[in-house]
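The values are calculated or read from the model by the stated rules, or taken from the named source; none is laboratory data. Only a predicted model underlies this, so the values are computations on that prediction, with no experimental measurement involved. So basically every Cβ, Gly included, is an ideal-geometry build from the backbone, and we count neighbours across all protein chains shown. Keep in mind that these areas ignore ligands, DNA and RNA; they rest on the heavy atoms of the full protein, side chains included. Shrake-Rupley method; radii C 1.70, N 1.55, O 1.52, S 1.80 Å.
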Amino acid sequence: MKIRDLSYETFSALGANKSRSALTILGIVIGIAAVIAMTSLIGGIQQSLVSSMGLSQAHSIYVYTTDVATPLTTDVLADVKDSVSNVDFVTGTASASAAVKSDSASSSISITGAESTYFTAEGSKLTLGRFISDEDDLAARRVIVLGTSTVKSLFGSEDYNCVGKQVTIGSDKYTVIGVVDSSSSSSLSSISGAAYIPLKTLQQRLTGTTTLDQAIVYASEGANTTTVTNDTKAFLTTRLHLTDVDKQITVMSMQQIASSLDSLMTAFSVLMGAIAGISLFVGGIGIMNMMLTNVTERIREIGLRMSLGARGRDITMQFLSESIVLCVIGGILGIIVGYLTAWMLGFLVTLFEPSMSSFAPAISSTAIAVAVGVCVLIGIVFGYYPAKRAAKLNPVEALRYQ
Amino acid sequence: MNPIVLDARNLHRIYETKAGQTHALRGVTLSVRQGEFVAIMGPSGSGKSTLMNTLGCLDTPTSGQYFLEGVDIAAYTADELADVRAHRLGFVFQSFNLLPRATVLRNVMLPLIYTDIPVREREARALRALQGVDLQEDYYDHRSNELSGGQMQRVAIARALVNDPALILADEPTGNLDTATGDMVLDTFERLRSEGRTIVLITHEPGVAAHADRTVHIRDGRLWDAATGLFLDAVVAPDVPGGPQRVFLSADGAVAAPARGDVADRRVIDAVPSVAQVGVEGGPGVLGAVQVDAPVGVRPIAPRGGDVR
Ligand SMILES: Nc1ncnc2c1ncn2[C@@H]1O[C@H](COP(=O)(O)OP(=O)(O)OP(=O)(O)O)[C@@H](O)[C@H]1O
Ligand SMILES: [Mg+2]
């Protein structure tokens, strides 16, 4: 039997049983949709992670402390830089909430005190002007770098050129020196990215303390960030006289965060994979059941075909191709449904987590190929027995069948 | 003289069922020449369908030989038998057996998908076959379930013709039709016969059998002679039209072969009281010597439907 005849027979047979075929492939559709939704969601999350994790952030190691007798200060950070090898620099930040006023508007935001190196460590993207410089910090100048979101709330538009303009915090006037893209700040940092002033200025004018909230240790190019992370942790444990290391300090590299997310994803994948697997198995049983019914209903037709010269192989191929085509149609529908589901979930994510605004599900051609391949396999595995059963029929008895 | 197409020798078919054995064919020896229209007639349960399935290579005999166009089918594998059906045989069934949702043309082309005949040639062949059965062209693209019974059967005959078979086998083709429609179908068969087709038609109606060139009677799985009421061990294709066809076996198994050119009749039988073997004389292409392994007693058939045993 030629491929052309085979496909004609297959589609006309499936066309005759449209609603039954549609119901039968539901299991396959759900199974494949789950797999595709899962993989494209994970792919999307990983992609947005990679895109938010600039090159510089791969070097960054975040340090937070809680309930420590000796707090993080600039001096401590200087010691870290001196004592831990493979460290380019260590930058500290502190923050305070305050109302920032422009001529026309006022906004309560979290203001970050930052050193010049901070912007390198965070990989911030400048849209206007410049970052805070070492001189700004040393002289505790009243200069401010605004995030685009703050520019919008203070000046009405994100695109407003506010460099050189004055804003007021408390009774002090600050000069805007630059604007950074708010969303370029790492979503894993504790910093909101709303506004930055020199660290010294913040400490002197807003918080009145030298305590830092967070430090970023920037590992040298080519250094093993895990080693640097461990060394930093060990050093700070002694330097800060920590008693309960696990509770009091968190030292984590971006890479660790990314890989811990990875293992979370793996767990998620296993779970979804299990759901998909069960659903595909049940779907396969459904296919087998339908094909068995199909064979029984068409025993006379099988007998007729045999009498007209069909060999066992022709009959096997006919029924096998029906079940394969059925599964592949289910798979294609599943891919579409899965991708749409991923989009919808992605949309929900952006609703609740605006920092993920660039999120889009990523579907890979590998995933599609694997899904189609799995469907072909299910079609073969679950269609084989009914097809063989059809081919083994005795032509005389099949023709006599009522 | 036309060659022998069908040459069955001493066919036996025993069905094994849970209830026991059924001996459906008990030594059928039969030959048919190319271009003959032969009717096989017998009462229900006499083994007609069993014989037809065997001749149609759908079933293999428990013992005996079957030569189709001179080739011994016994050695064939299932796939080779399927090939024979695809290329050399055409079937017509009592219940038409068309694919209901497919068009007439598609139904007629169906057997060709199991052959190597190129796609572009198939339609032309199907059209030629349909022209042979007198179906109006308007119907060619109708779905087959939109046709009348007589039309369906003619489509089925066209389907049997499409692969240009050596032998057309029809099992009660008029069984589901009324007399008038049945006669039209039989006219179609007669026309095919006049075009040189070889047809074996199975029926239990004498009126249907009358359309054929000759009638072979079967009863209890054996051929028998309507004229004498005796079982026959062989019914062979005539050497010359009207020549001897029937070979008898008498009670003690002595040979009772009618002389060439003779029409066998009761006197021959009476003259030879017993035979152990039966031999049939014949020229080239004619059934040669038929060996009956064991003596089979001749059992006179009670006149008109009585019990044989
Ligand atoms: N598949 C089978 N299994 C067992 N026995 C069978 C089978 N097919 C036929 N027989 C038996 O073989 C005998 C001959 O049956 P067959 O169908 O050949 O008769 P028939 O002459 O075609 O009868 P009808 O005119 O009713 O169709 C019957 O006794 C029947 O019961
Ligand atoms: Mg029958």
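Observations
- Test result for A:Ala360, within 19 Å of the chain's Cα centre (by Cα) and outside any helix (DSSP H, G or I): yes
- Residue count for region B:198-226 satisfying the condition of being at pLDDT 95 or above and away from ligand 2 (no atom under 16 Å from the Cβ): 2.
- Residue in region B:44-53 that is free of Cβ contacts under 8 Å to residues at least 12 places away in the same chain, within 16 Å of ligand 2 (Cβ to nearest atom) and either surrounded by fewer than 22 Cβ atoms within 10 Å (Cβ to Cβ) or among the aromatic types (Phe, Trp, Tyr) (or both) present: yes
- Screening A:Ser102 on (1) open to solvent by less than 30 Å² (accessible area, probe 1.4 Å); (2) under 27 Å from A:Val217 (Cβ atoms) shows it passes everything except condition (2).
- Within region B:50-92, the set of residues being touching an Asp or Glu at 6+ places or on another chain (Cβ under 6 Å) and either within 12 Å of chain A (Cβ to nearest Cβ) or in a helix (DSSP H, G or I) (or both) comprises B:Met52, B:Asn53.
- Of the residues in region A:277-286, not one is more than 23 Å from A:Gly373 (Cα to Cα) and in contact with a Phe, Trp or Tyr (Cβ under 8 Å, 6 or more places away or on another chain).
- Pair list, Cβ < 8 Å and 6+ apart or interchain, from region A:1-25 residues that are more than 8 Å from every other protein chain (Cβ to nearest Cβ) to residues that are open to solvent by 40 Å² or more (accessible area, probe 1.4 Å) and of a type in the set (S, T, N, Q): A:Thr24/A:Asn289
- Condition check for B:Gln34: away from ligand 1 (no atom under 16 Å from the Cβ) and closer than 26 Å to B:Arg159 by Cβ: yes
- Test: residue in region B:115-133 that is within 9 Å of chain A (Cβ to nearest Cβ) and open to solvent by less than 20 Å² (accessible area, probe 1.4 Å): yes
- Residue, farthest from ligand 2 (Cβ to nearest atom), within region B:54-98, restricted to residues that are touching a residue at least 60 places away in the same chain (Cβ under 8 Å) and more than 15 Å from B:Val5 (Cβ to Cβ): B:Ala86
- Top-ranked residue in region B:178-212 [being open to solvent by less than 30 Å² (accessible area, probe 1.4 Å) and assigned to a loop (DSSP other than H, G, I, E, B); ranked as farthest from ligand 1 (Cβ to nearest atom)]: B:Thr198
- Residue pairs whose Cβ atoms lie under 6 Å apart, sitting 6 or more positions apart in sequence or on different chains, and linking a residue in region A:146-166 that is more than 12 Å from A:Thr127 (Cα to Cα) to a partner that is open to solvent by 80 Å² or more (accessible area, probe 1.4 Å) and outside any helix (DSSP H, G or I), are A:Lys152/A:Glu158; A:Gln166/A:Lys173.
- Among the residues examined, A:Ile368 qualifies as open to solvent by 10 Å² or more (accessible area, probe 1.4 Å) and either away from ligand 2 (no atom under 16 Å from the Cβ) or touching a residue at least 12 places away in the same chain (Cβ under 8 Å) (or both).
- Residue under evaluation A:Ile144, criteria (1) open to solvent by less than 60 Å² (accessible area, probe 1.4 Å); (2) part of a loop (DSSP other than H, G, I, E, B), criterion not met: (2)
- Checking each residue in region B:129-142 for being in a helix (DSSP H, G or I) and in contact (Cβ under 8 Å) with a residue 24 or more places away in the chain picks out B:Ala129, B:Leu130, B:Tyr139.
- Residue ID - surrounded by the fewest Cβ atoms within 10 Å (Cβ to Cβ), chosen from residues in region B:93-111 that are more than 9 Å from chain A (Cβ to nearest Cβ) and of a type in the set (A, V, I, L, M, F, W, C): B:Leu105
- Some residue of region A:29-50 being within 14 Å of chain B (Cβ to nearest Cβ), surrounded by fewer than 22 Cβ atoms within 10 Å (Cβ to Cβ) and polar (S, T, N, Q): no
- Once region A:289-324 is narrowed to residues that are open to solvent by less than 30 Å² (accessible area, probe 1.4 Å) and among the β-branched types (Val, Ile, Thr), the residue that is farthest from the other protein chains (Cβ to nearest Cβ) is A:Val295.
- Taken as a whole, the structure leaves B:Pro3 outside the set of residues that are open to solvent by 60 Å² or more (accessible area, probe 1.4 Å), near ligand 1 (Cβ under 8 Å from one of its atoms) and not polar (S, T, N, Q).
- Scanning region A:1-24 for residues that are surrounded by fewer than 13 Cβ atoms within 10 Å (Cβ to Cβ) and not in a helix (DSSP H, G or I) yields a single hit, A:Lys2.
- Selected residue (criterion: nearest to ligand 1 (Cβ to nearest atom)) from residues of region B:15-31 that are within 14 Å of chain A (Cβ to nearest Cβ) and among the aliphatic types (A, V, I, L, M): B:Ala24
- Residue within region B:21-42 that is charged (D, E, K, R), farther than 27 Å from B:Arg191 by Cα, in a loop (DSSP other than H, G, I, E, B) and away from ligand 2 (no atom under 16 Å from the Cβ) present: no
- Residue under evaluation B:Ala158, criteria (1) within 16 Å of B:Gly196 (Cα to Cα); (2) of a type in the set (A, V, I, L, M); (3) away from chain A (no Cβ under 14 Å), criterion not met: (3)
- Only one entry of A:Ala223, A:Ala276 meets the criterion of being of a type in the set (Gly, Ala, Ser), outside any helix (DSSP H, G or I) and open to solvent by less than 60 Å² (accessible area, probe 1.4 Å), and that entry is A:Ala223.
- Residue check for A:Thr73: under 30 Å from A:Ile363 (Cα atoms) and open to solvent by 20 Å² or more (accessible area, probe 1.4 Å): no
- Filtering region B:163-176 to residues that are surrounded by fewer than 22 Cβ atoms within 10 Å (Cβ to Cβ) and within 16 Å of ligand 1 (Cβ to nearest atom) leaves B:Glu172, B:Gly175, B:Asn176.
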